[in-house]
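The values are calculated or read from the model by the stated rules, or taken from the named source; none is laboratory data. Here the structure is a predicted model, which is why all the values come from computation and not from measurement. Cβ placement follows ideal geometry from the backbone for every residue including glycine, while neighbour counts extend to all protein chains displayed.
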Amino acid sequence: MSLKRSPLLNKQHSMQKKFSKDLPALIGFIALSEAAGIVGSFFTAPSIAGWYATLTKPDIAPPNWIFAPVWTTLFLLMGIAAFLVWRTRKNTRTALGLFGLQLALNVLWSLLFFGLQNPGAALAEITLLWLSIAATMVAFAKFSKPAAWLLVPYIAWVSFAGYLNFLLWSLNS
């Protein structure tokens, strides 16, 4: 008597093999995204207790402790989103290029706002960042709707950050 594997078990085994094969890529995309956050923090951290502490802040400014967990979570979601697009194995060059652009613009905002202590330049730049996130979401949606949706919290936070940037610039100019 020969024992056959059920189609469900075969499918589950196949999915496990594919996941284990793709796991390094998932980790890589998450690491790349988190690395952008780490690079940005090199500009941010030194200014928090110094220059940023001296700014007049609007009532809607969150406490400083909230930023690290929010950004860590957002970078995690970004990495997962990029992985979902890459995993389609289609022609994702433009979509992933836009993803890289928005990561670079994210770091640039930290440099402009905290590193160079220039809220005006950062305000102009965050507009470009927002547009690049929106373009990334549109491009990602062509390959993976969940990937695009994973970026919704990010664009929402950057929208808030842009408004906060505007208020900080207005109150301190």
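Somewhere in the stretch 63-83, is a residue farther than 28 Å from ASN165 by Cα, in contact (Cβ under 8 Å) with a residue 12 or more places away in the chain and surrounded by 13 or more Cβ atoms within 10 Å (Cβ to Cβ)? Scanning the stretch 63-83 turns up at least one residue that is farther than 28 Å from ASN165 by Cα, in contact (Cβ under 8 Å) with a residue 12 or more places away in the chain and surrounded by 13 or more Cβ atoms within 10 Å (Cβ to Cβ).
May I ask you to list the residues in the stretch 67-83 that are β-branched (Val, Ile, Thr) and more than 14 Å from SER41 (Cα to Cα)? Residues satisfying the conditions are THR73, ILE80.
For the stretch 121-156, a tally of residues being closer than 22 Å to GLY37 by Cα, surrounded by fewer than 16 Cβ atoms within 10 Å (Cβ to Cβ) and either touching a Ser or Thr at 6+ places or on another chain (Cβ under 8 Å) or in contact (Cβ under 8 Å) with a residue 24 or more places away in the chain (or both) returns 2. Name the residue, out of GLN16, GLN12, that is surrounded by 11 or more Cβ atoms within 10 Å (Cβ to Cβ), farther than 23 Å from LEU128 by Cβ and modelled with pLDDT under 95. That would be GLN12, the only listed residue that is surrounded by 11 or more Cβ atoms within 10 Å (Cβ to Cβ), farther than 23 Å from LEU128 by Cβ and modelled with pLDDT under 95.
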